Structures are given as C-alpha cells and as structure tokens.
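Encoded as structure tokens, the structure appears first; notes follow it.
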Amino acid sequence: MTVDDAVMSMEEEDILATSARLDVGLSSLNLDSIHLPPREDHLGIISDDDDEDLKEESDDSEEEDFGNIIVVDNLPIVSKKQKFDKLEAMLGKIFTEAGAAELAKEKINGYKLGRSSYILTVSMFDDIEKFMKVPEEWPPLETKPYTTGENLQEWLFDEKARDQFVIRASSDTEILWNDARQSMPDPVYKRSDWTESFVKWSPLGTYLATIHRQGAAVWGGATTFNRLMRYAHPQVQLIDFSPGERFLVTYNSHEPSNLLDTHEVVINIFDVRTGKVKREFKESADKFATEGSRGVTPSRPIFRWGGGKEDKYFARINKNGVSVYETKTFSLIDEKPIEVENVMDFGWSPTDPILALFVPKLGGGNQPARVSLVQIPGKEELRQKNLFSVCDCTMYWQSNGDYLAVKVDRYKKGKKRTYAGFELFRIKERDIPIEVLELENKNDKIIAFAWEPKGHRFAVIHGDNLRPDVSFYSMRSGTKTGRVSKLTTLKGKQANALFWSPGGQFIILAGLKGLNGQLEFYDVDELQTMAQVEHFMATDVEWDPTGRYVATAVTSFHEMENGYNVWSFSGKLLYRILKDHFFQLLWRPRPPSLLSVEKEEEIANNLKYYSKKYEAEDLDVSMLLSEQDRQRRKMLKEEWESCIGEWKRLHEEDKLERQNLRDAEASDEEEEERYEDKEVEELLDVSEEVISFD
C-alpha cells in the first residue's frame with residue numbers, strides 16, 4: 001500500500017500541515033502498522049459531522065473530577081523486582097491506612113520512609129494542573145486592609161480581676177463572672193442548646209469546646225463567644241485538648257449490633273487553629289485495651305500528652321508496650337514502640353518528657369512487678385524499682401514534676417487480704433532516690449491521695465469506717481529535704497475526697513454524695529480548721545484558678561436541691577444559686593503567670609504594701625453596697641408610703657357610700673362611734689319537780 005492510495009479521500013494540504021505540526025515524516029510512515037478503532041461507520045476517522053459530538057465529549061472530560069488521585073514524589077528508585085514488590089507493599093499499607101485522598105495528603109506529606117532519608121511529598125492531581133498554569137511573570141498580590149480580630153485573652157484584663165465560669169442547666173449553657181464583692185454572679189453569655197452533651201474549657205482558658213452530632217466546635221472571646229473552628233467527627237463522644245492547646249483529640253466507639261463484628265474505635269487528632277486532621281486512628285477496641293481491662297473497653301484517655309506545654313509528644317498503651325508519637329510528623333519515635341510486655345499503666349511527668357510505666361509480675365511470679373521511668377525521645381531508662389507481692393499500683397505525679405508517688409497494694413501472707421503503702425520518687429534529685437512510706441496501721445484502706453500543687457506536701461485519707469483519718473506529710477523534714485515526715489493526723493473525719501487550692505496551703509476535706517456534703521476548710525500551714533460547713537448532697541467541688549474562691553455543686557446525680565454555692569477560701573458562704581436539672585460547673589482556667597519567680601516572691605514579701613490599693617477598693621465597694629442598701633430601703637419606704645396614700649385617696653372617694661351603708665353616720669373614726677349594750681332574755685325550758693323535806 002502506498003501513501004497516495006491512503007490519502008485519496010483527504011486533502012493533501014491538511015495532511016501535510018498535520019504531519020508538520022506533529023513532526024511526523026510521511027515517507028517513513030508504515031500504514032500497515034496502524035490499527036484503527038473498530039467502528040463500522042468511518043473506521044475510526046472522525047468526520048465533520050462528528051465535531052459537535054467531539055466538543056461534548058471534550059467538555060465532559062474537562063469537567064471530570066480527579067479529586068481522588070494523588071501524586072507522590074521523592075520515592076526511592078529500585079531496579080530489582082524483589083525490592084520493587086517490597087516498596088509497593090509498603091506504600092500500599094501506608095496509603096490504605098491513610099484513608100481518602102485529601103486525608104492521605106495531610107497525613108503522608110512529609111512522611112519519612114522507614115529509616116532512609118526519603119521524605120515523601122504528596123500533592124493532589126488537580127493541583128498539578130494548577131501548578132502548570134502558574135504564569136511566568138508573578139503578578140503583585142492585592143493588598144487587603146488588615147482587620148483586627150477579637151482578642152481571645154481579653155477576659156484576663158477584667159478591671160475587677162474576676163474569673164469566669166460556665167454552667168449547664170436544663171438546655172441552657174451560661175457563662176458568668178464570679179462577682180464576689182456583689183455576692184452574686186454577673187451574666188456574660190447565655191445560649192440554649194449550645195451543646196448536645198457537655199462543654200470543656202481548653203487548658204489555658206482560650207477556648208470553650210462544645211459537642212455536636214456532626215463533631216466538635218470551639219468558641220472564644222470575653223463576651224461574644226463566636227465560633228472559631230469546627231472539627232468534623234460524626235457521633236463524637238469524648239474530646240481532649242493537648243496541654244498547650246495546639247491539638248484536639250476526638251473519640252468515639254461503635255459497639256457492633258452483630259456479635260461477630262468488631263468493636264471499632266475512631267480517634268482523630270486535629271490542629272486546633274486550622275481544623276485539619278493531623279492523624280487518624282481507626283482500629284478495633286482490643287488494640288487499645290490493656291491486659292487488665294474488662295472485655296475490650298480501652299482505658300481513657302487513650303492518648304496522653306507529655307513534654308510540658310510544647311505538645312511535643314503523645315503516647316498510648318498497647319499490648320506489646322507503649323507507642324510514643326512526636327507531633328512534628330505524627331509518627332512513632334524511631335518507627336517503633338517502647339517494647340514492654342504486658343504494661344498496665346503509664347503516666348507523663350507534667351513538665352518533662354518522662355514516662356512512668358507500671359508492669360505487673362510476669363512468668364507466673366518469676367519476674368516481679370516494676371515501675372520504670374523512661375526518658376523521651378531517647379527511650380533511656382532513668383530508674384527502675386522492682387515490687388514484690390503486688391496486687392495493683394496507682395501513680396500520682398506532683399504538678400511540677402518534682403515527685404512521683406506510687407500507691408502499691410500488696411498481698412499479705414496467704415493472699416487473702418491486702419495492705420497499701422507508697423513508693424516516693426524524688427525525680428529532680430541525683431540518681432532519683434526512692435523512699436518507702438507505710439501507714440502506722442497497715443490494715444487501713446487508702447481512700448484518697450492528693451499532692452499539694454506546686455508544693456512538697458501531700459494528704460491521705462485512710463481508714464475502714466465511715467469516719468476515716470486524714471494525714472498530712474511533707475517531702476522535707478526540717479532542714480533535711482531528703483526525708484519524708486508526717487505533719488499531723490486528723491482523726492474521725494467525714495471525708496472521702498481531697499481538694500487542694502491551686503495556690504497550695506488550703507485544702508477542703510469533702511464528704512461527697514453518700515456523706516451528704518460535709519466540708520472542712522483546713523489551713524495546712526497553721527494546721528488548723530478554718531470552717532466546717534455543709535452543702536447538703538453536694539457532688540462536686542471546684543476551686544477557681546486563683547485559689548480565692550471555691551464552688552460546690554449538687555448536680556442531677558440527685559433529683560433535689562440542684563444548684564451551686566460559691567465560698568471564700570476560708571469557708572464563708574458568698575452566695576447560693578438554685579438551678580433545676582443542673583449538670584455542670586467549670587471554672588475558666590488561667591494561663592501561667594508572666595511574672596518571674598523572683599517577682600512573685602517579692603510581691604508575697606511585700607503583700608501589705610500591694611494590698612493597700614485593693615483594701616481601698618474593697619472599702620469603696622463596701623460603702624457603695626451600703627449606699628445601695630440605703631437607697632433600696634428608702635425606695636421600699638417610698639413605695640409603702642405611696643401605697644398608703646393611694647389607699648387613703650380611695651377611702652375618701654368611697655366615704656359617701658359608706659355613710660349610706662351606716663344609716664347616714666358621717667364619721668369614719670373608730671373613737672367617735674357609739675355603742676349600746678342591750679340585754680336579751682330568752683326562756684329556754686321549764687320543768688317542775690317535787691322535793692321531799694323528810
């Protein structure tokens with residue numbers, strides 16, 4: 001076949017022009033090698049009549065959505081099929097776990113591939129076309145006028161230095177100022193059906209989070225509380241902020257209707273400011289559960305944050321150890337967990353990247369239980385303590401990370417009964433020394449334990465009856481800072497919970513729920529009781545962030561007496577508010593003080609000088625309240641006199657009618673009225689009887 005025979009039905013000029021545009025030499029073209037599409041009408045050659053159809057098909061292709069396609073750059077180049085298959089399997093696993101394309105881009109962009117130097121770059125396929133259309137010359141951006149947003153810390157500048165708190169009652173959520181001087185709350189913001197479950201302040205008080213069927217939302221401000229961001233997570237059940245407020249963790253679990261299906265847990269970690277998902281975990285519940293968990297219900301919170309306010313690390317427990325993630329790439333440190341067989345519990349230091357791990361006995365008792373301290377990110381074990389005859393352990397970190405108390409429940413001989421003691425770790429001292437503390441009466445049950453915030457003391461409620469004892473200890477003993485010492489023991493207290501003031505020194509010994517709300521305000525510096533009061537049926541105790549005031553509440557746990565009381569730190573009742581169907585009260589947290597430790601000490605040493613200003617303000621407020629009270633009494637008196645005057649006016653208008661009713665008696669004065677006494681005799685009965693004189 002020749003070229004001339006093939007082009008008889010086509011114009012030669014068009015063919016030459018097309019061949020020139022495509023850079024195809026016609027002399028070298030072998031038409032026998034061309035296979036046309038099997039179409040009966042025109043053998044795959046499009047005629048002029050098909051132009052409209054072509055245009056429609058072209059338009060459809062231009063509108064085609066490539067949103068489910070991603071492009072991955074910086075993959076390693078492999079030549080051997082075995083390595084290629086391994087790489088393909090690895091990438092398949094990574095992208096399968098990532099989920100949808102948009103989510104995969106967010107999660108995997110910047111992902112480090114194994115221990116190699118390859119860091120993946122992920123782009124959407126639609127973005128490639130956008131990048132190709134970038135003009136050669138950069139057009140200057142349009143300058144938009146700057147609009148000042150709301151200051152989310154404005155509430156800290158309150159002239160009266162008041163604190164805010166949020167309450168939920170019935171379908172209403174309210175935010176109020178605690179105006180102790182006025183002995184009443186000052187309303188800030190109120191909204192009905194604001195949340196479908198509960199509300200939660202962020203750790204520094206910047207945001208208020210609400211729960212909805214579609215996910216969570218955060219709100220902020222001093223008075224307006226506009227919505228700042230939404231986080232899509234259908235049927236969310238629980239939320240948790242990172243200590244520095246950078247991330248929000250949302251959680252929900254789906255219990256299967258079919259027993260053969262798995263109980264699934266879904267956890268998302270969002271960037272608080274952008275609302276983007278940083279990492280998603282979607283696994284069966286048993287992968288989050290520990291050996292000691294009942295069934296497959298995971299311990300909560302599943303993810304626990306560490307590393308202080310910088311939000312560098314978070315960790316979760318699993319059956320083969322503890323998985324520690326870093327928030328730069330949201331991947332495992334060293335691409336593997338800390339391998340600790342059968343770990344039961346763990347906790348972060350509040351200030352340092354140090355993990356405390358509790359591992360029960362293994363091998364039928366051949367390996368004793370132990371508590372280990374592990375430094376992150378190096379995973380170096382700083383200290384380990386073996387524990388024998390252990391039944392259970394509970395760990396308590398002091399707020400500054402200076403101390404760790406481990407309550408150890410041990411079996412007695414025969415393993416029929418247990419007793420409790422404490423292992424006290426001094427974290428900041430050389431080699432982390434450990435002390436053992438046992439109660440004088442080993443048979444006492446430990447009911448509650450609490451560290452003094454930012455201090456060196458702790459309190460323990462212990463005993464076996466309805467009136468247990470409360471003991472106070474110090475990690476310092478006189479001039480010796482390396483020994484624990486007992487300060488005092490209070491005998492026979494109606495208490496089952498301990499609530500330290502955020503500033504230390506003061507503590508509330510509370511008897512909640514079953515103990516009918518007995519409250520004892522105690523000064524640990526002076527070792528004396530300041531007040532003993534009662535908030536009948538109280539269920540909650542909440543100190544404000546300054547330690548000046550404390551709120552106690554009766555929630556819907558009880559059907560009656562719902563509401564809250566606000567007290568001074570010394571136990572004086574300031575005001576009481578009753579609310580039906582009362583659910584929640586939370587003080588708005590404050591961020592850490594910007595003052596240095598030296599400045600705070602200087603203020604404490606010269607408190608009398610600084611307090612003069614506030615004493616004068618208190619006096620002014622007191623006088624103002626007295627004047628307001630006087631004005632209120634004056635107003636009540638004027639209202640009474642006005643009421644009396646109105647009565648007299650109406651009385652005078654009705655005088656003529658009264659005279660007619662009194663037979664024309666003109667006087668209304670009581671003393672001028674005449675009275676007559678008349679005697680009326682009435683014969684009731686007559687009877688005769690014969691009396692004998694014998």
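Values as computed for the structure displayed
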quantity: Whether region 211-273 is rounded, prolate or oblate, judged on the alpha carbon gyration tensor where a/c under 1.5 counts as rounded; calculated: prolate
quantity: Computed FRET value (nearest 0.05) for SER568 with SER642, which takes r as the C-beta separation and R₀ as 51 Å; calculated: 0.85
quantity: Gap separating the Cα centres of region 383-397 and region 415-462, nearest whole Å; calculated: 11
quantity: Nonlocal amide H pairs with ASP392, under 5 Å, H built at 1.01 Å; calculated: ASP409
quantity: Integer Hz, Karplus 6.51/-1.76/1.60 couplings in order for region 678-685, x for Gly and Pro; calculated: 10, 9, 10, 9, 9, 7, 8, 6
quantity: Using a Förster distance of 30 Å, the FRET efficiency for ASP158-ILE69 (Cβ separation, nearest 0.05); calculated: 0.05
quantity: Inter-centroid distance (Cα atoms) of region 100-137 relative to region 510-572, Å; calculated: 56
quantity: Qualifying chymotrypsin sites (Phe, Trp or Tyr not before Pro) for region 339-442 [loop in DSSP, other Cβ within 10 Å: at most 15]; calculated: PHE388
quantity: Pairwise label distance in nanometres, GLU142 with LEU332, each label 7 Å out on the Cα-Cβ vector; calculated: 5.0
quantity: Point-to-point label distance, ARG181-LYS634, nm (Cα→Cβ direction, 7 Å offset); calculated: 2.2
quantity: Dipole in debye (nearest 20) - region 310-349, about Cα centre, beta carbon charges: Lys, Arg +1; Asp, Glu -1; calculated: 100
quantity: Extension reserve of the LEU382-LYS442 stretch, reckoned as 0.36 nm per residue once the Cα distance is removed; calculated: 18.5 nm
quantity: Unsatisfied cross-links (Cα-Cα over 22 Å) in the set LYS200/LYS428; LYS361/LYS412; LYS160/LYS608; calculated: LYS200/LYS428
quantity: Placed amide H near MET229: partners under 5 Å, 5+ positions off or other chain; calculated: VAL218
quantity: Surface accessible to a 1.4 Å probe, per residue, for the residues of region 350-432, Å²; calculated: 49
quantity: LYS612-SER399 pseudo-label distance in nm [points 7 Å out on the Cα-to-Cβ vector]; calculated: 3.1
quantity: GluC sites (Glu not before Pro) within region 416-519, DSSP loop, no more than 15 other Cβ atoms inside 10 Å; calculated: GLU429, GLU440
quantity: FRET E, pair ARG658, GLU627, Förster distance 60 Å, beta-carbon r, rounded to 0.05; calculated: 0.85
quantity: Residue list for region 174-201, given a label point 7 angstrom along the Cα-to-Cβ vector of LEU619 and an amide N cut-off under 20 Å; calculated: 181-182
quantity: Cleavage-rule hits (chymotrypsin sites (Phe, Trp or Tyr not before Pro)) in region 551-659: DSSP loop, at most 16 neighbouring Cβ within 10 angstrom; calculated: PHE557
quantity: Local electrostatic count, HIS212, Cβ distance below 15 Å [Lys/Arg +1, Asp/Glu -1]; calculated: +4
quantity: Length added when fully stretched, LYS276-VAL134, from 0.36 nm per residue minus Cα-Cα; calculated: 48.5 nm
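The values are calculated or read from the model by the stated rules, or taken from the named source; none is laboratory data. These numbers come from a predicted model, not from an experiment. We place every Cβ from the backbone using ideal geometry, glycine too, and count neighbours over all the protein chains shown. The area values use the complete protein model at the heavy-atom level, side chains included, leaving out ligands, DNA and RNA. Shrake-Rupley method; radii C 1.70, N 1.55, O 1.52, S 1.80 Å.
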